[in-house]
Amino acid sequence: MPISILPPRRAHTSKVAEFSRSSYDDDRSAAEEGEADVDMEGDIPMSGALQRNKRGGRTSIVTPGEVVTDDPQWMRGHGTYLAVAEEGEEVGTRIVATVAGTVTKVNKLLSVKPLRARYTPDIGDLVVGRIMEVQSKRWKVDINSTQTAHLLLSSINLPGGILRKRTSTDELQIRTFFSEGDLLVAEVQSLFQDGAASLHTRSLKYGKLRNGYFVKVDAKGIQRSKSHVLTLATANGGGEVDVILGVNGYVWIAKKTSLSDGKKDGKEVSITRLEEEASEAIYSSVNEFIAPATRREIARVGNCVRALVRHDVRVDEEMLNAVYEAAVEESMEERGDADESLDGDGGRRCVEKALGLDLFSGEFKDK
Amino acid sequence: MSRHELLSPEGLRIDGRRWNELRLFEARLSTTTAADGSSYVEWGNTKIICTVAGPVEPKMGSNRSQDGATVVVEVCFAAFSGNDRKKRARGDKRVQEMQTALQRTFSEAILTQLHPRSEILITLHILSQDGSVLAACVNACTLALVDAGVPMSDYVVACTAGSYFVRGGNNPEDEGEDPLLDMNNLEEADLPSVTVGTIGGGEKITLLQLETKVRLEKLEGMMAVALDGCGKLRELMDEIVRAHGNEVVRRIAL
Amino acid sequence: MAPSTLTTLISPAELSYLRSSLALVPPIRPDARTPTQFRPLVAEIDILPSTNGSARMVWGDGGECVVGIKAEVEPTEPTSYGKRRNWVEVGVEVQGQRDDDPLGVFLGMTVGESLLTPTSTLTERLVITPKFHWKLYIDILLITPPLSHPATLLSLSTNLALRSTRIPRLISESDEDPIFDDDWDASIPLYSITSQLPPITLLVVSVEERNIFFDPTREELSVGDCVLAISLASSPAHDAPKVIGVRTLESGTGGIAADAKDGVVAASIGGVKRRVIKRIIKESLSVGKEVFESLQGVVDAN
């Protein structure tokens, strides 16, 4: 069937609210009786507000306006604010949540991580961005965040033999480097005062992207980890495929080429020789020849990434390899309803195979 | 609609409620996956979809403020939302008034200073009107903003209350005014009603709108009833958010 | 002429990759779908009890559309056979855009005109008495800003909403002013089992001569040679549907990099060959049949 129309999925309706309305009082009385709460880890116990809501799960959430703690020794981090002192208090010590999310405690810092939020840049993040606007000495880059990032002309590699000063000719020719719509991979160098990121591409492994396909996923699926540039050895004669997982949720999947790993002749390029080694080619928009087999595998990898994020699984090297293998197996089985796009049940099966458990019930499957 | 039928002598309203009963309030979060945050609210027969985009880079330079995020609200009444089909023009005064009221309310509740030079775009689609539309919009916005992870000092909750005037007739002792909680369409058409919006469902009022005339001494009674309704609604909304949140956390933990 | 497809920022390298993938024989779509495969859709009908008919649909790219239909009694002008087109009014509201936005107007006309083709029997079913008729208001709300061209989304949602529309039953005699049965269970569906079904519009993209794609993504729309919106009507016998309208949309091949020297595919010049259009229409008939069957499944399930 080329077209499938499904009924809407009703994940949690007011039925849950009704249920919790009746059990709300039960839980409150249970907590007041002093029943031990799970997962205290020997920390200073939270105030009554949090205790009341630990209902069955190991972690539970706080909602805006909820007092997380009133213990003065905690410092407040993201997602919270310090409530104004009430009568009888000298200084306000109550930390109140501003978003709905989970509480995280690092040393003495208490913050609330929201369930869902736009990507916020941090120094050192590897991001994939798209040029939105070209200004006189810099570019504005869309990184799927609350603000557009900036890429200064002085932060990119300029082709040329010597470490040269950016001249006015460079400014006039700014579009020969990056133009509107171009995709690039960069690192967050610093943050402006208002939180906007400033990017740089001063390494051969950063720069303009080509020979591949762009996928946008929810930034939640890609957590900060050691390496964001993965190489997959693909099946069916596809060769090697690079996957660049931007922390901001933008992913680039491309055929592996000699330029893309930032090495020349197999050796790392030192920073002093950077300008000499960087040639005109790094700003070219022309793709190499890519065989159909590779294109097919690139599409498959893209679907794997999407399927992982759709089922709330973190995308990393191990998981991606596992789902990719499962996807290749599925396509080899030649089922009647083969769906290479992994959008529906096919994707869920692959992710389940990779995880080794049933996604709906959370139980482990027997292999 | 004759006045008498709005509140029967036994104290039952047209839809069978008593004076202090809320209609069934149901809501869902994350109903529109393409948006940063979204919610769907059904309050009696009033149905509203709310989507939030942001904080994002503002499209118009005028919305870029150094001090904090700019909140922009757009309200769309669907032409099929009322009893008669009626297509509203964009510049409709009533719609603009609602937009401004919502924008001011949420600019106060949202911690805008955390996102300077950006804008938060809230869009409301009213699919079906059955009274308390502004209050329902406020509640839908709150849920959608919580879904989007926009930092707020607390829930913004709104509720309506009206005043039913009983004429004494032969017996002057029967005369009086009963406040009614949570007005539906028929009640709003005939009776004065007030919409009260609070931050936190408590006593911090951030929105107050009265339609038609009412005697000053009656206003306090109506407000008290509406504030009580706000408190109940905050609990309901909080449970909905927690249920949704716990489900999300459970899925990620797998 | 249809308004241009929505502006998208996309790099020349991506366009070139897409174009060369879609031009292969057999073609490779970026998400590995077959050329006639649609992304999964979610649909529900009869969600707004205050309307005569309603439907909500969520498209593969996340776009969401709600359609509500209301019917109101209007007096019939005596010399009005030609004016029956006014008995159906379609309004489209796209989030964040003005009322006279060309995209909204185009979508409204696509839906409206395909409902009122000469072979459609819809207006006959709207007659109540010689002096009165039903005026049908179809209001389409696009909840999300358009992520790719929403023509198919809107037309499928409207189709479902029309299928769920019910009209109150007449209980007065034909000479009197019309009076209707208050019992909603006695109401009559607007589209009964025997009437011709409401039409659908499919977006089709072609690349080179032989490759034809359905349910195109925004990027596929930008690299296609020819983009057509094909309106199809089906009869209850469910044999092959018939084409009732073909509209061209501006394709995006102007966006390819001018760097033709190193193998970047250059845009084709001068329109699309007739035999390509014939092939597109032929494919649309078979895909359209499956779409109608799938929509029938949604109606049957409710």
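Figures for the structure shown
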{"item": "Test item: Cα-centred dipole of chain B, Lys/Arg +1 and Asp/Glu -1 on Cβ, debye", "result": "1000 debye"}
{"item": "Surface accessible to a 1.4 Å probe, A:Lys140 within the full protein complex, Å²", "result": "30 Å²"}
{"item": "In sequence order, calculated HN-Hα J values of region C:147-155 (Karplus, 6.51, -1.76, 1.60; Hz; x Gly/Pro)", "result": "8, 9, 4, x, 4, 5, 4, 5, 6"}
{"item": "Percentage, to the nearest whole number, of Cα pairs in region C:106-252 over 24 Å apart", "result": "43 percent"}
{"item": "Solvent-accessible area, 1.4 Å probe, carbon plus sulfur percent, for region B:1-134", "result": "47 percent"}
{"item": "Chain B - mean residue ellipticity at 222 nm from DSSP helices (-39,500 (n - 2.57) per run, n ≥ 4, rounded to 500)", "result": "-10500 deg cm²/dmol"}
{"item": "Approximate shape of chain B as ellipsoid semi-axes (Cα gyration tensor, √5λ), whole Å, largest first", "result": "34, 19, 17"}
{"item": "C versus A: buried accessible surface, summed, Å² (probe 1.4 Å, to nearest 100)", "result": "3100 Å²"}
{"item": "Per residue accessible area of region B:53-194, 1.4 Å probe, in Å²", "result": "37 Å²"}
{"item": "Rounded accessible area of A:Lys108 (nearest 10 Å², 1.4 Å probe)", "result": "100 Å²"}
{"item": "Solvent exposure of region C:87-225 as accessible area per residue, Å², 1.4 Å probe", "result": "38 Å²"}
{"item": "Part-to-part distance (alpha-carbon centres) for region B:87-154 and region B:186-235, which is given in Å", "result": "18 Å"}
{"item": "Percentage relative contact order, region B:1-116, counting C-alpha pairs under 8 Å, at least six apart", "result": "17 percent"}
{"item": "Percent accessible area from carbon and sulfur atoms, chain C, protein chains only, probe 1.4 Å", "result": "53 percent"}
{"item": "Sequence ranges B:83-92, A:121-130, ranked by mean other-Cβ count within 10 angstrom, highest first", "result": "A:121-130, B:83-92"}
{"item": "Net charge of Cβ neighbours under 10 Å - reference B:Gly201; Lys, Arg +1; Asp, Glu -1", "result": "-2"}
{"item": "Shape metrics for region A:206-259, restricted to C-alpha atoms - Rg then Dmax, Å", "result": "11.5, 32"}
{"item": "CD proxy at 222 nm, helix term only [per DSSP H run n ≥ 4: -39500 (n - 2.57); per residue of chain C; nearest 500]", "result": "-8000 deg cm²/dmol"}
{"item": "Lysine pairs in chain C with Cα atoms under 29 Å, if 8 or more residues apart or on separate chains", "result": "17"}
{"item": "Contact surface A-B: accessible area buried, both sides summed, square angstrom, 1.4 angstrom probe", "result": "3600 Å²"}
{"item": "Relative contact order, percent, chain B [alpha-carbon distance under 8 Å, six or more residues apart]", "result": "20 percent"}
{"item": "Simple spin-label estimate for A:Glu180 and C:Leu116 in nanometres, 7 Å along Cα-Cβ", "result": "3.8 nm"}
{"item": "Per-residue mean of C-beta atoms belonging to partner chains within 10 Å, peptide A:108-120", "result": "4"}
{"item": "Cut-off under 5 Å, modelled amide H: who pairs with A:Ile3 long-range", "result": "C:Phe38"}
{"item": "Peptide-level mean, for B:232-245, of C-beta atoms on other protein chains within 10 Å", "result": "6"}
{"item": "Most to least packed among C:161-167, B:244-250, B:146-152 [average Cβ atoms within 10 Å]", "result": "B:146-152, C:161-167, B:244-250"}
{"item": "Relative packing of C:103-112, C:284-293, which averages over residues the other C-beta atoms within 10 Å, highest first", "result": "C:103-112, C:284-293"}
{"item": "Range of Cα positions in region C:42-141 per principal axis (Å), largest first", "result": "46, 31, 25"}
{"item": "Cα-based Rg and Dmax for chain C, where Dmax is the largest Cα-Cα distance (Å)", "result": "21.0, 78"}
{"item": "Per-residue average of Cβ from other chains inside 10 Å of B:27-39", "result": "5"}
{"item": "Region B:46-142 shape via C-alpha gyration tensor axes, a/c threshold 1.5", "result": "prolate"}
{"item": "Region A:91-233: relative contact order as a whole-number percent, Cα under 8 Å and 6+ apart", "result": "23 percent"}
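The values are calculated or read from the model by the stated rules, or taken from the named source; none is laboratory data. Just so it is clear, the model here is predicted, and its values are computed rather than measured. Because the Cβ atoms are built from the backbone with ideal geometry, glycine has one as well, and the counts that use them run over all protein chains shown. Side chains are part of the model used for accessible areas, which takes the heavy atoms of the whole protein and leaves out ligands, DNA and RNA. Shrake-Rupley method; radii C 1.70, N 1.55, O 1.52, S 1.80 Å.
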